[in-house]
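Please read the structure below before turning to the comments.
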Amino acid sequence: MLPTSTLESILKKSFKFSTNTIKTYLGEAEKKRKDLETYLIDQEIVDEEKLYMAAAKKLDISYTGLKGKEIKKEIINLVPASFAATHGVIAFHKTPDEIQIAMLDPTDIQTIEFLRRKIGLTPKTYMTSPSDLKEALRTYHADLSSDETIIQLNTEGQAGNEKDLKKAAEELPIINIVNSVLEHAVYEGASDIHVEPTDREVAVRYRIDGMLKQVMTLPKQVQNGIVARVKILAKLKIDEHMIPQDGRFKIQIQDEKLSFRVSIMPVYDGEKIVMRLLHEGQKPLSLEELGFLPNIKEEVEDAIKKPHGMILVTGPTGSGKTTTLYSVLGILNQPHVNICTIEDPIEYHVNGINQSQINPKAGFTFASGLRAFLRQDPDIVMVGEIRDKETAEIAIHAAMTGHLVLSTLHTNDAPTTLPRLIDMDIPPFLVAFTSNIIVAQRLVRKICPHCKKELRLSKQELKQLSKLIEMKKLVNLFKTQNIHLNTKERNLDSMVFYRGEGCSRCHKSGYKGRIGIYEVLTINENITKMINSRANAQDIKEYAEKNGMVNLFEDGLIKAKQGITTIEEILRVTKE
């Protein structure tokens, strides 16, 4: 963080803030228990890069941005990873006489002098921003197969003694390998870690942006030690090998707290481990950040302002339903309302919300939990999932008696949700009366911004796309979202889309991060009549689309034209 006096001076000189404005922001920052710099950057009042460029100018030192800069492994390793993280310094370029280093505090003479002596080259210092430095630090953890702890394990790890699993789990090479696998998963941005035994080795795979990627293999003799280590961390029975086990544990990496949800399952060659990464204390994303288009976002906001009724989010497992519900709860979470949730499991802990996890063994199910919570004077209730008739009935009765109910269902699109509830023996008039809005969603990979380029569609893609949507409808769709087509883009084959070429930042995949595509069905008077007359999902879908509902495929096409994702990705996910 910049010293307070330096920060205030820069805000006045470079950003033209008055003393009173700074005082106001200071007060707001204190209310949120943040320092002024963090508050201004988080609220997007000040751009972090511009702030640090101004600070560099004030100190009369060069500034360097590290985002998108490819740093060679042999150069970054000149500064040890722990020292780099502690002192906020990265080596990024080298000449025969000079080492170029980026720092958060270029006035730190002691650190510069230490590096001069350690590396034996003259340091040339640059200033950089905290987020650029944080991203550059990931370079240390970019390649799991070259990790020293793994190499040590391959030669030393003999943890195959089943009689003494606890002892095996406490061996240093086993502890190191598990720590490395967890740390690298965090730095790679993985959502899940798979540790899979085969007949001759143990495979480690990460799910990154929804796609599984093998990161390395380990020798078979370390398998039992790794499984035992994970079981100890998750407080599971280490001598139980024949039944599935579930648990969770927490770790801290640098300043970030992480929770791992563990599932261990007996398979043919041993026990398979899957760990889901959950970022503790992560603030909910806004509806824009999730990927809601402006007019669709307004529909969702109108629905959540209603005092009662049901908001349902649907989609397959892993399509981001829970994240969407947490974002809605983030908007609704105010001191004057009582919010209760029943989840399986609790993915994120949110301050100000009463969260409960179901426990079927103890008879605490979604239905019994929901029934109990309704005696706790709630205003808003979130039910992790409507799985059966009993839960559906209680949720609908809660929505009828003045509560706002949020929940998820497993259906392929928004219109199918209505007959699905009726199939659970819920009377159609109750479904029609209580449903406010239904959101269907999928997750698509975003194009990597560092290697994005324009693209004309291939013949095969053109053929596939022209079968799915008419050019006239596509042009009208883009018009409704204020996407202007130039005169050359009158035909599909001349229309400009985008893709990622593949670079070191996205591991040559062309994609970095994910975003949602959505289909939002608002239950209006006409749809209510259709539900009451037991109209099928297809009839409801056709009516809704005629009256302006953007379906999943169309929402994806809009995002592809905006350069957020690719046509290929939309076709993969919607499987039209």
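The values are calculated or read from the model by the stated rules, or taken from the named source; none is laboratory data. These figures come from a predicted structure and were not determined experimentally. Every residue, glycine among them, receives a Cβ derived from its backbone with ideal geometry; neighbour counts consider all protein chains shown. Calculation scope for accessible area: heavy atoms of the full protein, side chains included, ligands and nucleic acids excluded. Shrake-Rupley method; radii C 1.70, N 1.55, O 1.52, S 1.80 Å.
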Selection status of residue 86, assigned to a helix (DSSP H, G or I) and out of contact with any strand residue (DSSP E or B) (no Cβ under 8 Å at 6 or more places or on another chain) | yes
Conditions (1) over 30 Å from residue 120 (Cβ atoms); (2) open to solvent by less than 70 Å² (accessible area, probe 1.4 Å); (3) at pLDDT below 85 -> residue 11 fails only (3)
Could we say that residue 521 is in contact with a helix residue (DSSP H, G or I) (Cβ under 6 Å, 6 or more places away or on another chain) and either surrounded by fewer than 19 Cβ atoms within 10 Å (Cβ to Cβ) or not acidic (Asp, Glu) (or both) here?
-> yes
Every listed condition ((1) part of a helix (DSSP H, G or I); (2) touching a helix residue (DSSP H, G or I) at 6+ places or on another chain (Cβ under 6 Å); (3) closer than 23 Å to residue 391 by Cα) holds for residue 297 save (3)
Check 569, 545 and return the single one that is assigned to a helix (DSSP H, G or I), over 20 Å from the mean Cα position of the chain (by Cα) and within 20 Å of residue 315 (Cβ to Cβ).
-> 545
Picked from region 254-270 (must be open to solvent by less than 20 Å² (accessible area, probe 1.4 Å) and of a type outside the set (Gly, Ala, Ser)), the residue farthest from residue 237 (Cα to Cα) is 258
Would you pick out the residues in region 550-566 that are part of a loop (DSSP other than H, G, I, E, B), touching a helix residue (DSSP H, G or I) at 6+ places or on another chain (Cβ under 8 Å) and not hydroxyl-bearing (Ser, Thr, Tyr)?
-> 550, 551
Restrict the check to region 169-191 and report whether at least one residue is at pLDDT below 70 and under 29 Å from the mean Cα position of the chain (by Cα).
-> no
Inspect all residues belonging to region 252-262 and state whether any of them is in contact with a Leu (Cβ under 9 Å, 6 or more places away or on another chain), assigned to a strand (DSSP E or B), at pLDDT below 90 and more than 30 Å from residue 569 (Cα to Cα).
-> yes
Scan of region 247-267 for residues that are in contact (Cβ under 8 Å) with a residue 12 or more places away in the chain and among the acidic types (Asp, Glu), ordered by number = 256
Restricting attention to region 66-75, and to residues there that are surrounded by 15 or more Cβ atoms within 10 Å (Cβ to Cβ) and out of contact with any Leu (no Cβ under 9 Å at 6 or more places or on another chain), which single residue is farthest from residue 133 (Cα to Cα)?
-> 75
